[in-house]
Amino acid sequence: MTKISLCMIVKNEEKYLSECLESVKNIVDEIIIVDTGSTDNTIDIAKNYNAKVFHFDWINDFSAARNFSISQATGNWILYLDADERLDASSVSELKRLTNQKQKTAYNCIVRNIDSTYGHDNSNRYPRLFPNNEGIKFEGKVHEQISNSLLENKIDLINANIIIVHIGYDITLEEKKKKAERNLTLLLQEFSINKSPYIAYQLGLTYQIINDVDNALNYLRIAAENVKLERNLRAICFTQMAFINHQNHKVQEAERNILLSLKLDERQPFSYYLASKISLRKNELTLAEEKCKRAYLLNQDQLLKEFNQNQIIHLDPEEVIFYGITLALQNRNTPNYQFYQKELYQLYTSHDGKNSLRAAAMQKVFLNSSFTIEEGETLIKMINQNNIGFFIFMFGNNPYKQQILLLVEKLIKKFPESVEVKKLLAKLLDEFGRLDEAIKILENVIVDDQKDPSIYFYLITYYLKQGSQEKIKPVIAKLEKNFSNIPEVMTRVRTLKRKLLMLTTVPL
């Protein structure tokens, strides 16, 4: 009978290891655990699963440790996992079927990376199942690869529907930064020796995580412009560059990079989603709607059909639906509004059943109605980083202002850093005659967060209403200082200054 060896390298993985081994214990015939210096209960957990445990002195080289692990395997097939990965239960029969075949073939498996808090889930294809052949070796100190070695050993590499779920990046932003900083030194050492565009790609993503924008753009550009890098990955480089540009209000650069990305790969939902956001910033509502719908339909197609790309960034369907509804309302596009409404109700019904409290509460939102206490609490629970823009838009137009004010005051406790929630709260306080409180909120935002130019314009409007003309000049000075690199903002500032010269006696 065919024998499968599970090969792993670990260090201090007591948090994850048990679930990983549980997912494969009835499938693999031997478990090879190579420990690089654990000081927790990792080794004891491994022994509970009858693993063969080996020790390896860490030399800052993931490939060296990985190659040592596969050298200990005695099976005909090698499956390799990390401790923060699990074999999806739906893939058991597929793995058994493939390993009962004798052809000289390795298999690209689907690795689904879960990132529910600070990003988007994404899927990649990696060769994780291959014949045990002593000529096969991993290469690369970090983000190690085995594809080249498989090809050199004349082993065919084809796609399989084996799914491996990776939860190691479903962590806080600070934990992500620590991982990235750990990898950065190794990647820089590797790149100093081997100017591989793939290493440049990984360096760009790593610098992006630790928020070093200049280095991120530099290495992403190096990778994107090298035709030796896979077309799919080059497209992702341009998309990430566009994302950074968009975050920094550099609209023209963002648009140029996203168009280069889509020229290389038109199958990426996230690229179209970002393209929509860029069009929205340019106030091109119709284009923004078209790209949003393209992103949604592509994403649904990718989720439902067989995944056949090397890498894809998934979108949360709920996130795109809410964004699509907001665009449809802004552009008064009734067919799109009805389309996304239907999609949203279907999504909630599929999750909650026909008596969905979420669906009932959402119906009140769409109708601009008042809410019961229970519905209000349901809405607060529903609102997250992905849909908050929609709810802010709808709450801003709801005529039941007193009720909305109570909801927004609860919302600010849930999202204390959200500038958008603070803007809405200030607007509501102003409407209730509490202008001084509204101004105080926006003044604090300018002190804490200087990235949103709209805050300054709102504050100037409130100062005019309050009669505090003398406070306007310093705000304009800050606008000109902080956003001088954004032509759209400077155009608004010039227009504002002309109007203020006619309305006030304060020299600008």
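Just so you know, all these numbers are worked out from the coordinates, no wet-lab data involved. Since we're looking at a predicted model, the values are computed, not measured. A quick note on method: Cβ atoms are made from the backbone with ideal geometry, for glycine too, and the neighbour counts reach across all protein chains shown.
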Review point. About its Cα centre, how strong a charge dipole does the stretch 173-318 have in debye, to the nearest 20, once Lys and Arg get +1 and Asp and Glu get -1 at the Cβ?
Key: 220
Exercise for review: Give me the angle, in degrees from 0 to 90, between the Cα long axis of helix 317-330 and the longest principal axis of the Cα atoms of the chain, rounded to the nearest 10.
Suggested key: 20
Check your understanding: Once the Cα atoms of helix 334-352 and of the chain are each reduced to a long axis, what angle between those two axes, in degrees from 0 to 90 to the nearest 10, is obtained?
Key -> 50
Review point. Share of antiparallel DSSP beta bridges in the chain, in percent to the nearest 5?
Key: 45
Practice item. Would you pull out the residues with amide H under 5 Å of Ala106's amide H, same chain only if 5 or more places away, H placed 1.01 Å from N? Key: Asp156, Leu157, Ile158
Exercise for review: Provide the gained length on full extension for the span Thr491 to Leu503, in nm with one decimal, where the gain is 0.36 nm per separating residue minus the Cα-Cα distance.
Suggested key: 2.4 nm
Point to revise | Phi-based couplings in Hz for the stretch 134-149 (Karplus 6.51, -1.76, 1.60; Gly and Pro marked x) | key: 5, x, 7, 9, 7, 9, x, 5, 8, 6, 4, 10, 10, 4, 4, 5
Practice item. Excluding residues fewer than 8 places away in the same chain, name every one of the aspartates and glutamates whose C-alpha is closer than 13 Å to that of Lys3. Key: Asp29, Glu30
Exercise for review: Rounded to whole Hz and in sequence order, give me ³J(HN,Hα) for the stretch 469-481 from the Karplus expression 6.51 cos²θ - 1.76 cosθ + 1.60, θ = phi - 60°, writing x for Gly and Pro.
Suggested key: 4, 5, 8, 6, 4, x, 5, 5, 4, 5, 4, 5, 6
Point to revise | 0 to 90° range, to nearest 10: angle between helix 251-264 axis and the chain longest Cα axis | key: 30
**Study point:** Estimated translational D of the stretch 4-166 in µm²/s (Stokes, Kirkwood radius over Cα pairs; 25 °C; 0.890 mPa s)
**Key:** 153
Point to revise | Two-site label geometry, Asn218 and Thr74: point separation in nm, points 7 Å out along Cα→Cβ | key: 5.1
Exercise for review: Using a cut-off of 10 Å between beta-carbons, work out the net charge of the residues near Val34 (Lys and Arg +1, Asp and Glu -1, Val34 not included).
Suggested key: +2
**Study point:** Net charge over other residues, Cβ less than 15 angstrom from the Cβ of Gln402 (K, R count +1; D, E count -1)
**Key:** +1
Study note, to complete from the structure: Taking r as the C-beta separation of Ile210 and Tyr345 and R0 as 56 Å, the FRET efficiency to the nearest 0.05 is 0.85
Exercise for review: For Lys422, go through the aspartates and glutamates and keep the ones whose alpha-carbon is under 15 Å away, minus same-chain ones fewer than eight residues off.
Suggested key: Glu409, Asp430, Glu431, Asp436, Glu437, Glu443, Asp448, Asp449, Asp452
Exercise for review: State the three equivalent ellipsoid semi-axes of the stretch 371-417, derived from the C-alpha gyration tensor as the square roots of 5 times its eigenvalues, in descending order and whole Å.
Suggested key: 15, 12, 11
**Study point:** Total charge dipole magnitude, the chain, about the Cα centre, Cβ charges on Lys, Arg, Asp, Glu only, Debye to nearest 20
**Key:** 1580
Practice item. May I ask you to compute the full-extension gain from Asn153 to Lys102, defined as 0.36 nm times their residue separation minus their alpha-carbon distance, rounded to one decimal in nm? Key: 16.8 nm
Point to revise | Residue-span extension gain [Gln247 to Gln300] - 0.36 nm each, minus C-alpha spacing | key: 16.5 nm
Check your understanding: If r is the Cβ-Cβ distance from Val227 to Asp436 and R0 is 60 Å, what FRET efficiency results, to the nearest 0.05?
Key -> 0.50
Review point. Can you run phi through the Karplus equation (6.51, -1.76, 1.60; θ = phi - 60°) for the stretch 279-293 and list ³J(HN,Hα) in whole Hz, with x for Gly and Pro?
Key: 4, 4, 4, 7, 6, 9, 5, 5, 4, 4, 5, 4, 6, 4, 5
Point to revise | Under 14 Å, Cβ to Cβ, from Cys7 - net charge with Lys/Arg +1 and Asp/Glu -1 | key: -2
Study note, to complete from the structure: Taking the chain and counting helices only, DSSP H stretches of n ≥ 4 at -39,500 (n - 2.57) each over all residues, the nearest-500 ellipticity at 222 nm comes to -18500 deg cm²/dmol
Practice item. Would you mind computing, in nm to one decimal, how far apart the modelled labels at Ser93 and Met382 are, each placed 7 Å from Cα along Cα→Cβ? Key: 3.7
Revision key, fill the gap. Which residues qualify? For Val34, with a placed amide H closer than 5 Å and at least 5 residues away or on another chain, they are Met8, Ile9, Val10, Phe54
Revision key, fill the gap. A student applying the Cα gyration tensor rule (rounded when a/c is under 1.5; otherwise prolate if a/b is larger than b/c, oblate if not) would label the stretch 351-398 oblate
Exercise for review: Of the listed pairs Lys177/Lys342; Lys137/Lys177; Lys141/Lys293; Lys15/Lys102; Lys176/Lys277, which have alpha-carbon separations greater than 31 Å here?
Suggested key: Lys177/Lys342; Lys141/Lys293; Lys15/Lys102
Review point. Of the labelled options [x] 26.7, 91; [y] 23.4, 76; [z] 22.2, 68, which one gives Rg and Dmax of the Cα atoms in Å as computed for this structure?
Key: [x]
